[in-house]
Amino acid sequence: MTSSGPSPILNDYGFVALVLVMALGLALLVAAAFLRAPGLLMRTPSIWGQFRFGYAVYALIFLAFDMEMIFMYPWAVVFADIGISAFLDMLVFIVLLGAGIAYAWGMGGLEWE
Amino acid sequence: MGMIATAALVLVALVLGAALTLLVERLSTPHHVEPGPAQAADVRHSLVIANSDRWLLPAGPVVALTGVALALVVLPFGPGLIGRDLGIGVFYVIVVIDFVVLGLALAGWGANTAHAVEACYRIIAQLVAYVVPLGLAYVGVIMMARSLSTVAIVEAQSGLWFVVLQPIGFVLYLVTGLMQSYRAPFLEPFAASIGGGVLDVSAGWSALLWRIALAGVLFLVAAIGALLYLGGATGPLLPGWAWMIIKTYALMALMLWLGRLVRPFSTAQMLALSWKLLIPLGLLNVLLVGGLILLGVGP
C-alpha cells in the first residue's frame, strides 16, 4: 500500500480549519483597528438572575425532534435507491413523530408559559 | 490555486457578499419599517459595559463571524469555484451556520444589560422555532439529489429546478430562512423596543463584525436557497458565478419583500407558527417528495 500525501478528508478539513483560523485573524485585525477609538461607558445594573424563560417545554420537545430530524439525513441520501420499503419505514417514523406533536399539543406543551 | 489563496477568497466572498447585502437592505428599507439587524452602526467609538462578562461579550461577534465564514466554504459559485466540496455539504452548513446563534447568545448573556439578556432569550427561542422545519425543507432536496454534497445537489437540478418539484419545501425554506436570518417579520430579537438587542451593546469593532456576520447570514440563506431550489450556479449565456449572484440576490429581494408584507411576529407567535403549522407541513413535504420519487419523478 502506498500513500501519497494526506488523505482527502484530512485535506478537506484542514482547509476548513484554515478558514477558521483566517476568520479569527480577520476578527482580530478589525478589533486591532479600533484600539484607539474613543471609549464610551455604559452603566446598567447587573440583571442576570432577573429573567425566566417561557418556552421550557418547547425546548425539551425541540431536543427530541432535532435528533429525530438528524436521523432522516442518511435515510434521505439512500431513499431513492432503496425505494418502497424505505418509504414505508419512514411513513411509520413520521406517523410516530406526528403522534408526538399531537400529544404535546393536546397536553398543552405548545404554549408560552 | 494554493490552499491559503482559496481560503482568503472565501473570506473575500463573505465580506463582499455581506457588504452588497447590507447595501441592498439599507437602500430598500423604508423609514417606517424596523431595520432589525441592518440598523446603522456606531463605528466611531468603542464601548465598555460596566457589569458585562469579560470574555463572553467579545467572543460573540467573533464566533458568529467564524460560523458564517465556515458555512461559505461549501458554497459553489461555478465549476471549480468552491472552497471545498465536502461530502456532507448541506449538513455541514446546517451545523456551522448555527454558530451565529451561539455568538448572539454569548454576547447577549455576557453583556448583562436588560435589553441584551432579553435578546439572548429571544434568540434561543427563535432557534427552537426554525431549526426543525428548516431541516425538513433540506431533507426533501437531499432525497431527490441522493447526496448531501452541494455540487451534487446543483447537478441534480440540471433538468428541472427543485422549486418546481417541491413547491411546499420552497415555501417552508422562505419562511424559515427569514427566521434564521432574523429579518422581518421575525426580527423580534433585534426589535427597536429592546434597542436592537445585542446590537444595543455593540460599538466600534464589535458593531462592524456583527454587521458582517448578520448580513452574511442573510447572504448565505439566500445563496443556499438558490442552491437547493433554483439550480445554483447554472444557467444559459452568462457564466455560472453570474447566475449564482443573480439568483442569490433575486431570492433575497423576494424574501425581504414578502417578509415586509406581514405584521411582525412575537417570539411566542413564532414558536406556535413553527410547531403547529410549519413542522407538520415539513413532515408532509417529506412524504410527498418520497411519493414523487417512487412514481419516478425527479432526476
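Structure above, values below:
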read-out: Out of B:Gly108, B:Gly140, B:Gly177, sole residue that is within 30 Å of B:Leu284 (Cα to Cα), within 12 Å of chain A (Cβ to nearest Cβ) and buried (at least 24 other Cβ atoms within 10 Å of the Cβ); value: B:Gly140
read-out: Boolean, B:Gly80 is more than 25 Å from B:Arg263 (Cα to Cα), open to solvent by 40 Å² or more (accessible area, probe 1.4 Å) and facing another protein chain (nearest Cβ under 9 Å); value: no
read-out: Selection count, the range A:12-48, where residues are touching a Phe, Trp or Tyr at 6+ places or on another chain (Cβ under 9 Å) and part of a helix (DSSP H, G or I); value: 6
read-out: Residues within the range B:124-146 that are over 30 Å from B:Gly60 (Cα atoms) and small (Gly, Ala, Ser), tallied; value: 2
read-out: Members of the range B:219-242 that are free of Cβ contacts under 8 Å to residues at least 40 places away in the same chain and in a helix (DSSP H, G or I); value: B:Ala226, B:Ala242
read-out: Among the residues listed as B:Leu261, B:Leu251, B:Leu283, B:Leu273, the single one being more than 14 Å from chain A (Cβ to nearest Cβ) and more than 30 Å from B:Phe77 (Cβ to Cβ); value: B:Leu261
read-out: Residue check for A:Ala59: out of contact with any strand residue (DSSP E or B) (no Cβ under 8 Å at 6 or more places or on another chain) and either at the interface with chain B (Cβ under 8 Å from one of its Cβ atoms) or loosely packed, with under 14 Cβ neighbours inside 10 Å (or both); value: yes
read-out: Criterion (open to solvent by less than 10 Å² (accessible area, probe 1.4 Å) and more than 8 Å from every other protein chain (Cβ to nearest Cβ)) met by exactly one of B:Ala64, B:Ala7, B:Ala59, B:Ala41; value: B:Ala64
read-out: Scan of the range A:34-49 for residues that are open to solvent by 90 Å² or more (accessible area, probe 1.4 Å) and under 15 Å from B:Pro58 (Cα atoms), ordered by number; value: A:Leu35
read-out: Top-ranked residue in the range A:64-108 [being touching a residue at least 24 places away in the same chain (Cβ under 8 Å) and more than 9 Å from chain B (Cβ to nearest Cβ); ranked as nearest to B:Leu295 (Cα to Cα)]; value: A:Phe93
read-out: Count - residues of the range A:92-112 that are exposed (fewer than 14 other Cβ atoms within 10 Å of the Cβ) and in a helix (DSSP H, G or I); value: 7
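Yes or no, residue by residue, for (1) among the polar types (S, T, N, Q); (2) within 14 Å of another protein chain (Cβ to nearest Cβ); (3) open to solvent by less than 10 Å² (accessible area, probe 1.4 Å); (4) assigned to a loop (DSSP other than H, G, I, E, B):
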| site | (1), (2), (3), (4) |
| --- | --- |
| B:Phe170 | no, no, no, no |
| B:Tyr182 | no, no, yes, yes |
| B:Ala207 | no, yes, yes, no |
| B:Trp210 | no, yes, yes, no |
| B:Ala215 | no, no, yes, no |
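The values are calculated or read from the model by the stated rules, or taken from the named source; none is laboratory data. The structure presented is a predicted model; accordingly, all values stated were derived computationally and were not measured. With ideal geometry, Cβ positions are generated from the backbone for all residues, glycine too; neighbour counts draw on all protein chains shown. Side chains are part of the model used for accessible areas, which takes the heavy atoms of the whole protein and leaves out ligands, DNA and RNA. Shrake-Rupley method; radii C 1.70, N 1.55, O 1.52, S 1.80 Å.
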